[in-house]
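Some notes on the structure that comes next.
The values are calculated or read from the model by the stated rules, or taken from the named source; none is laboratory data. Just so it is clear, the model here is predicted, and its values are computed rather than measured. Cβ coordinates were reconstructed from backbone atoms using ideal geometry, including for glycine residues, and neighbour counts include every protein chain displayed. The area values use the complete protein model at the heavy-atom level, side chains included, leaving out ligands, DNA and RNA. Shrake-Rupley method; radii C 1.70, N 1.55, O 1.52, S 1.80 Å.
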Amino acid sequence: RTAGERQTSIGGLNGRPEKLPDVCYSWWILSALSILKKLDWIDKDALCAFILNCQDEDRGGISDRPEDEADVYHTFFGIAGLSLMGYPGLKEVDATYALPVETIERLRGAVRQPGEA
């Protein structure tokens with residue numbers, strides 16, 4: 001239940017009590033909750049709004065928190081977090097591998113199982 005208690009008053013998630021929210025925890029916390037089938041423990045609308053508020057609408061990308069500099073790390077995990085919440089227009093991301101589900105399925109199909117020719 002601790003993971004579900006990481007949401008702050010501004011909608012973002014933090015990694016520890018009394019810390020500022022950070023977009024990357026949208027992935028770390030949500031992936032754990034997704035695996036546990038407990039995404040209902042957080043307010044998805046508030047978290048989506050927090051992530052979208054961290055976008056740099058002029059140059060692109062997502063930052064750790066609003067008004068900070070966007071970077072690849074937070075952009076990747078912000079988009080992955082949005083995907084886990086079913087944000088429109090995004091492909092479904094696998095909560096274990098942080099890759100699109102269709103990529104995981106393709107990889108599983110390409111790997112030979114023991115005893116296969």
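Of (1) in a loop (DSSP other than H, G, I, E, B); (2) open to solvent by 30 Å² or more (accessible area, probe 1.4 Å), Tyr73 satisfies all except one. Which?
Every condition holds for Tyr73 apart from (1).
Looking only at the range 3-43, count how many residues are within 13 Å of the chain's Cα centre (by Cα) and farther than 17 Å from Thr75 by Cβ.
At the first step, the residues of the range 3-43 found to be within 13 Å of the chain's Cα centre (by Cα) are 12-14, 22-35, 39, 42.
Within this subset, residues satisfying the condition of being farther than 17 Å from Thr75 by Cβ are 14, 29, 32-35, 39, 42.
The qualifying residues number 8.
Determine whether Asp22 is in a loop (DSSP other than H, G, I, E, B) and in contact with an Asp or Glu (Cβ under 9 Å, 6 or more places away or on another chain). Show your work before the answer.
On the way: in a loop (DSSP other than H, G, I, E, B): yes; in contact with an Asp or Glu (Cβ under 9 Å, 6 or more places away or on another chain): yes.
Here the answer is yes, as Asp22 does meet what is asked.
Quick check on my filter: what residues within the range 23-67 are touching a Lys or Arg at 6+ places or on another chain (Cβ under 7 Å) and over 15 Å from Ala98 (Cβ atoms)?
Cys54
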